[in-house]
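**Student:** My questions will all concern the structure given below.
The values are calculated or read from the model by the stated rules, or taken from the named source; none is laboratory data. Small disclaimer: the values here were computed from a predicted structure and weren't measured. Cβ coordinates were reconstructed from backbone atoms using ideal geometry, including for glycine residues, and neighbour counts include every protein chain displayed. Each accessible area value is taken on the protein alone, full model and side chains, heavy atoms only, with ligands, DNA and RNA left out. Shrake-Rupley method; radii C 1.70, N 1.55, O 1.52, S 1.80 Å.
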Amino acid sequence: MPPKAKAAGKGRAPAKRKLAEEFPPGEVLTDTGKKAWKLGAPIGQGGFGLIYLGDENSAKPVGSDARYVIKVEPSDNGPLFSELKFYMRAAKPELIQNWIKSHKLKNLGVPKYWGSGLHEKEGKRYRFMVIDRLGTDLQKKFEECGKTFPRKLVLQLGLRLLDILEYIHDHEYVHADIKASNLMLSHSDPNQVYLVDYGLAYRYSPDGVHKEYKEDPKRCHDGTIEFTSIDAHKGASPCRRSDLEILCYCMVQWLCGRLPWEDKLQDPLYVRDSKMRCQENISQFMTKCFSSQDKPDEIQRFMEELKSLGYQDKPPYEKLRSILQAGLKTIQARDDGKMEFTPVNAAVSLPAQVSTQIPLLHQPGPQLLHYRGPGRGRMDGGVDCLC
Ligand SMILES: Nc1ncnc2c1ncn2[C@@H]1O[C@H](COP(=O)(O)OP(=O)(O)OP(=O)(O)O)[C@@H](O)[C@H]1O
């Protein structure tokens, strides 16, 4: 039996979790390194807690230009615990800075981790984490653009995500939930994109030892149903190829507006089988999604490259980058680092199967069904202590 969807839309946490109550602006939290942080206004709500503007503690109140956000959740909630483990292991500022330098990158879209700790108030314990403050998320941008992104933008997003994924994979983690609502623009630079929400991130290779392939029926379809990988549909823990497969589905959706299985997201087995058929016959999948004159050859080549990857294989990041670069060349564009969120001409020609449905601009938004099996919000075996 497939598990039931936990929730539709962006909110996707099991209802039983406690939501952290709102703290007043000015509340001071002290991290494990004895550094004091001050809370500002709450600016976001996750499934388990609130996100506040934040800054280093000083006499000044935290303004709307704050450089940090502070995520606060009841201390017994698993997802912040596992997200925090990711940030502590892989998002220390010097680690990211060294990678940027050694890989000659302009930037790397992983929010930096600045501190964390436990905070007690009125007999309740909260866990908090300080990370970079970011701006708008790409799902909003996608909707503003009429639910298709220009090809140049998609290829540039793909290139930025390859950089991000190569980094997090090299640091023993996979993200497992890449999607527009988990991509955010920098607060200060509209050309920088960040991958957020590491609540489902999985340490696929602790101390360099890759997890074995094992299907667990309780974990089937973990992730966001339309984008999740075939590995996840089968209940296997996500690996590096899973992240790239998810990225590929995102790029297809951004390019043509919808994925062929979006009409039946309530049926996870149908979604799984559609993805498996797509992998078996990539050309046919491309024909379903794109008209002959709009077919992006680079996406087909990208998918073919992924198809040959084994569960434990390291993806050929450089080759994948060159495939996306070749796509930019085809449209006489280059990776100039500029993220241009311009609506695509409404008269995009679509193949018959897709265009016979509701006109694209009037379709309801993608129904983000999120599965989080009982094993999610992983505690890495629950043996680590954070504070
Ligand atoms: N670094 C950030 N800077 C600015 N706003 C952020 C940042 N991270 C998250 N947000 C905002 O806070 C909201 C909640 O984010 P959070 O990562 O807690 O939740 P989520 O992705 O909805 O949920 P979940 O807790 O289920 O994983 C986001 O939708 C976003 O608007």
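**Student:** Over 30 Å from LYS214 (Cα atoms), at pLDDT 95 or above and exposed (fewer than 12 other Cβ atoms within 10 Å of the Cβ) - does that describe any residue in segment 362-370?
**Tutor:** Taking every residue of segment 362-370 in turn, none turns out to be over 30 Å from LYS214 (Cα atoms), at pLDDT 95 or above and exposed (fewer than 12 other Cβ atoms within 10 Å of the Cβ).
**Student:** Which residue out of GLN332, GLN357 is assigned to a loop (DSSP other than H, G, I, E, B) and at pLDDT 95 or above? Full working, then the answer.
**Tutor:** Details: GLN357 fails: at pLDDT 95 or above.
Going through GLN332, GLN357 in turn, the sole match is GLN332.
**Student:** Tell me which of these PRO190 doesn't satisfy, since it passes every other one: (1) open to solvent by 50 Å² or more (accessible area, probe 1.4 Å); (2) under 24 Å from ILE225 (Cα atoms); (3) within 16 Å of the ligand (Cβ to nearest atom).
**Tutor:** With (1) open to solvent by 50 Å² or more (accessible area, probe 1.4 Å); (2) under 24 Å from ILE225 (Cα atoms); (3) within 16 Å of the ligand (Cβ to nearest atom) applied to PRO190, the lone miss is (2).
**Student:** Return the residues of segment 199-211 that are within 16 Å of the ligand (Cβ to nearest atom) and either at pLDDT 95 or above or open to solvent by 10 Å² or more (accessible area, probe 1.4 Å) (or both); say none if nothing qualifies.
**Tutor:** ALA201, TYR202
**Student:** So in segment 70-93, with the set limited to residues that are open to solvent by less than 10 Å² (accessible area, probe 1.4 Å) and among the hydrophobic types (A, V, I, L, M, F, W, C), which one is nearest to the ligand (Cβ to nearest atom)?
**Tutor:** LEU80
**Student:** Could you please find all residues in segment 271-316 being among the hydroxyl-bearing types (Ser, Thr, Tyr), open to solvent by 30 Å² or more (accessible area, probe 1.4 Å) and over 18 Å from ARG258 (Cα atoms)? Break it down stepwise before answering.
**Tutor:** Of the residues in segment 271-316, the ones among the hydroxyl-bearing types (Ser, Thr, Tyr) are 274, 283, 287, 291-292, 308, 311.
Then drop every residue that is not open to solvent by 30 Å² or more (accessible area, probe 1.4 Å), which leaves 283, 287, 292, 308.
Matches in segment 271-316: SER308 only.
**Student:** Separate question: Please give the helices (runs of 4 or more DSSP H) falling wholly within segment 212-284 in which 1 or more residues are closer than 22 Å to LEU153 by Cβ and more than 17 Å from the chain's Cα centre (by Cα).
**Tutor:** Qualifying helices (runs of 4 or more DSSP H): 240-256.
**Student:** Are there any strands (runs of 3 or more DSSP E) wholly within segment 94-183 with 3 or more residues that are open to solvent by less than 10 Å² (accessible area, probe 1.4 Å), and if so which?
**Tutor:** Where strands (runs of 3 or more DSSP E) fall fully within segment 94-183 and carry at least 3 residues being open to solvent by less than 10 Å² (accessible area, probe 1.4 Å), they are 113-121, 124-132.
**Student:** When you check SER242 against the structure, is it of a type in the set (Gly, Ala, Ser), in contact (Cβ under 8 Å) with a residue 40 or more places away in the chain, buried (at least 23 other Cβ atoms within 10 Å of the Cβ) and out of contact with any Pro (no Cβ under 8 Å at 6 or more places or on another chain), yes or no? Step through it out loud before you land on a result.
**Tutor:** Values: of a type in the set (Gly, Ala, Ser): yes; in contact (Cβ under 8 Å) with a residue 40 or more places away in the chain: yes; buried (at least 23 other Cβ atoms within 10 Å of the Cβ): yes; out of contact with any Pro (no Cβ under 8 Å at 6 or more places or on another chain): yes.
For SER242, the condition - of a type in the set (Gly, Ala, Ser), in contact (Cβ under 8 Å) with a residue 40 or more places away in the chain, buried (at least 23 other Cβ atoms within 10 Å of the Cβ) and out of contact with any Pro (no Cβ under 8 Å at 6 or more places or on another chain) - is met.
**Student:** Which residues, counting only those in segment 33-61, are outside any strand (DSSP E or B) and open to solvent by less than 30 Å² (accessible area, probe 1.4 Å)?
**Tutor:** Passing the criteria: PHE48, GLY49.
**Student:** A further question follows. For segment 101-127, enumerate the residues that are within 20 Å of the chain's Cα centre (by Cα) and under 25 Å from GLY208 (Cα atoms).
**Tutor:** LEU108, GLY109, VAL110, PRO111, LYS112, TYR113
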